[in-house]
Every structure is written in C-alpha cells, then in structure tokens.
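Reviewing the structure listed below.
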Amino acid sequence: GPQALDSAMYGDCRRDFLAEMFGVTLYVPAQTLYRSVHFVLSGDMESSSRIGINPSCNLRSPMVLSFKVPGNYSSVSSKLVLRSPDGVAVGMTRADSVYFYLKNTGQFTLLADIAAPEIKTSLSAKRIKNTRGFRSFSFRISDKLSGIGTYSITVNNPWVPAEFDAKSDQLTYYF
C-alpha cells in the first residue's frame with residue numbers, strides 16, 4: 001500500500017529543502033514555497049507508478065523530484081512524463097535516474113509518452129502537389145500527452161525556418 005513519511009519532513013520556506021525516501025529525492029529551493037509546510041510523500045513508483053506530494057500547494061519556482069527509472073520503464077526512460085490534474089511534466093533522464101521540475105505538489109502518475117505527435121494539413125493531397133502561387137504552407141501539430149517541445153522542418157533535405165503558433169498548434173513555412 002501507500003507509504004507515507006512522518007512530519008519530520010518540514011520544509012522551511014526560507015531554506016533549501018532536500019529529502020530522500022523510498023528512492024525518491026525531493027529538492028525544494030529556498031523561497032520556492034509561499035509558506036513553510038510538513039511534506040508527506042506517498043505511493044510507490046516501482047509497483048504503482050504513482051506518487052503523492054502533500055499538502056497540495058503551488059510554488060513560486062520549480063522543485064525537483066527525482067528517482068531511479070522503474071524497471072518496467074527502462075526501455076522508454078527518455079519518454080517519461082508525470083501527469084497530474086494540473087498538467088504534464090516532462091522528465092529529463094540522466095544515467096539511471098529521471099528528474100522532473102514541478103510547479104505544484106499533489107498526486108502524480110508516471111507514464112511513457114510513446115504516441116507520436118499528430119501532423120495534419122487542411123489541404124488535400126492533390127492540392128499539396130500543386131503549390132504554385134502559395135506563399136506559405138501550414139499544418140497543425142499536436143501531442144496528446146507531453147506537447148510539442150521542439151520541431152524541425154526540412155524541405156527536400158535542407159532545414160528551413162518555420163513559425164509555430166502555440167495557441168493554435170499551427171506550424172507555418174513561408175516560401
């Protein structure tokens with residue numbers, strides 16, 4: 001079942017806070033918390049892929065949550081994300097561990113983002129073949145879990161600049 005820490009994990013909002021328990025490390029830099037709190041960690045990353053960091057609170061700047069990549073995720077360690085009701089945090093893998101920069105506490109589920117992003121255009125294949133008179137070419141790119149972090153556009157092999165509008169998930173290449 002869930003494992004919980006005792007109130008010895010007191011996070012003073014004026015000081016750096018570092019705790020390690022159950023193979024999970026939590027680092028909260030000074031001035032990150034709006035107020036001092038007693039942290040309670042719960043869950044088990046190895047068996048349930050869930051972790052709770054309580055009490056629930058927002059942070060001024062990110063805290064760092066890290067742990068060894070669970071064995072069942074070792075083949076997809078570079079694609080790990082933590083999902084919470086507040087959004088998704090993308091992990092950074094170093095050696096055998098994964099690091100997440102979080103802007104809030106709460107309940108998190110570890111997932112592998114293995115689904116490829118979707119790329120769509122509103123033009124038909126016939127219309128795409130005849131681009132004479134076009135000044136630009138646009139298409140939507142989206143990802144159901146972690147979002148679009150980076151993109152690169154090539155036309156007949158060379159890289160070309162393009163603009164990304166994050167509000168509409170639209171990428172536009174101007175000729």
Original post:
How do the strands (runs of 3 or more DSSP E) wholly within the stretch 1-116 filter down when requiring 1 or more residues that are of a type in the set (D, E, K, R) and open to solvent by 20 Å² or more (accessible area, probe 1.4 Å): which remain?
Top reply: 17-21, 40-44, 50-68, 80-84, 92-94, 97-112
Original post:
Residues in the stretch 118-125: is at least one open to solvent by less than 80 Å² (accessible area, probe 1.4 Å) and under 30 Å from L59 (Cβ atoms)?
Top reply: no
Original post:
Scanning the stretch 93-107 for residues that are modelled with pLDDT of 95 or more and of a type in the set (A, V, I, L, M, F, W, C), which turns out nearest to S47 (Cα to Cα)?
Top reply: V98
Original post:
What are the residues in the stretch 130-175 that are outside any loop (DSSP other than H, G, I, E, B) and within 24 Å of I114 (Cα to Cα), if any?
Top reply: F139, R140, I141, S142, I153, T154, F164, D165, Q170, L171
Original post:
Within the stretch 68-90, how many residues turn out to be in contact with an Asp or Glu (Cβ under 9 Å, 6 or more places away or on another chain) and within 19 Å of G11 (Cβ to Cβ)?
Top reply: 0
Subject >> Evaluation of R135 against (1) under 20 Å from the mean Cα position of the chain (by Cα); (2) open to solvent by 50 Å² or more (accessible area, probe 1.4 Å); (3) touching a residue at least 40 places away in the same chain (Cβ under 8 Å) (one fails), failing number >> reply: (1)
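Here is a yes/no grid of residues against (1) over 30 Å from S48 (Cβ atoms); (2) more than 12 Å from the chain's Cα centre (by Cα); (3) aliphatic (A, V, I, L, M):
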| site | (1), (2), (3) |
| --- | --- |
| Y73 | no, yes, no |
| L110 | no, no, yes |
| I114 | no, yes, yes |
| K120 | yes, yes, no |
| S152 | yes, yes, no |
| K167 | yes, yes, no |
**OP:** Answer yes if at least one residue in the stretch 141-149 is among the hydroxyl-bearing types (S, T, Y), surrounded by 12 or more Cβ atoms within 10 Å (Cβ to Cβ) and touching a residue at least 60 places away in the same chain (Cβ under 8 Å), and no otherwise.
**Re:** yes
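The values are calculated or read from the model by the stated rules, or taken from the named source; none is laboratory data. These numbers come from a predicted model, not from an experiment. Counting neighbours? That spans all protein chains shown, and the Cβs are built from the backbone with ideal geometry, glycine included. To get the accessible areas, we keep the full protein, side chains included, count just its heavy atoms, and leave off ligands, DNA and RNA. Shrake-Rupley method; radii C 1.70, N 1.55, O 1.52, S 1.80 Å.
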